[in-house]
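Please treat every number below as a calculation from the coordinates, not as lab data. This is a predicted model, so every value here is computed, not measured. As a convention, Cβ positions derive from the backbone with ideal geometry for all residues, glycine included, and neighbour counts pool all protein chains shown.
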Amino acid sequence: MDSLRFYRWTFLLALSAMAWAQGPCDCIDKADIKERIARAQNAIKAYGEEMGKVGWTPYTAAGRDALQARVNQAMSGQRREGIALGASGHTTNLCAIEVTAPTKCLEEAIRRHEQVHQEACRQTLESHMKKILSGEASDRFEANGATLSGYMMEELLGYQTEIQFLQSELTRLERDCEPPPPRRDYSSWWDRSDGPSPSTSPALRPPPLAKPKPLAPPPMPKPRPIPPPEPRR
């Protein structure tokens, strides 16, 4: 019985490893991935433009909110009707990740973005939590005396990490989800039971066969004249 449990557990582990190797994104996620990449690229472009305007301004929660409103507007310009991308993430002052996403694929993309913030948060957790708990700062950026430039640099790294993951998944899906090439079926011209008859559908009608040219008889050789007999001597 113990042996049976061991093999069953090993089999489940193997299935889990196979599922993880395939990735969290599926063929149906390709359009969402492309749109999310475009939105992330728009965010990177917007942060780059903001860097020259307010980059060295001291970080405040109000300044961050105003900055994010402009960046979010640039990102929303990429939204296409019919594709739900209600995906967002947040890293708390205790370095915990919170993700909201409509699909597993987008959830993983946002999580990887937030892991960048989580790692940076953990590096200064002890020092910034004292200021936050005392009311001296609202978050770790204020506690660490950061500028808006420092805040934006971390966001840029988060979006670049997100794009790297999504691009990798898209490359895999473009390869694995490609439909096989159509198989030519010559019999469909003459015997098609699952669709319209070739005789009634011009699209299915075979091209007309060329009429054979009539064979002309070979030219008859002209008879040579018979010479008259020679006279007797």
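Multiply the residue gap between residue 175 and residue 51 by 0.36 nm, knock off their C-alpha separation, and tell me the result in nm, one decimal place.
40.9 nm
Exactly which GluC sites (Glu not before Pro) in region 29-124 are in a DSSP loop and have at most 16 other Cβ atoms within 10 Å?
Loop-located and lightly packed - 81.
Provide the gained length on full extension for the span residue 70 to residue 100, in nm with one decimal, where the gain is 0.36 nm per separating residue minus the Cα-Cα distance.
Here the answer is 8.7 nm.
Which order do peptides 164-174, 139-149, 213-223 fall in by mean Cβ count within 10 Å, highest first?
So the peptides 164-174, 139-149, 213-223, ranked by packing, come out 139-149, 164-174, 213-223.
Which order do peptides 38-45, 58-65 fall in by mean Cβ count within 10 Å, highest first?
Result, highest mean first: 38-45, 58-65.
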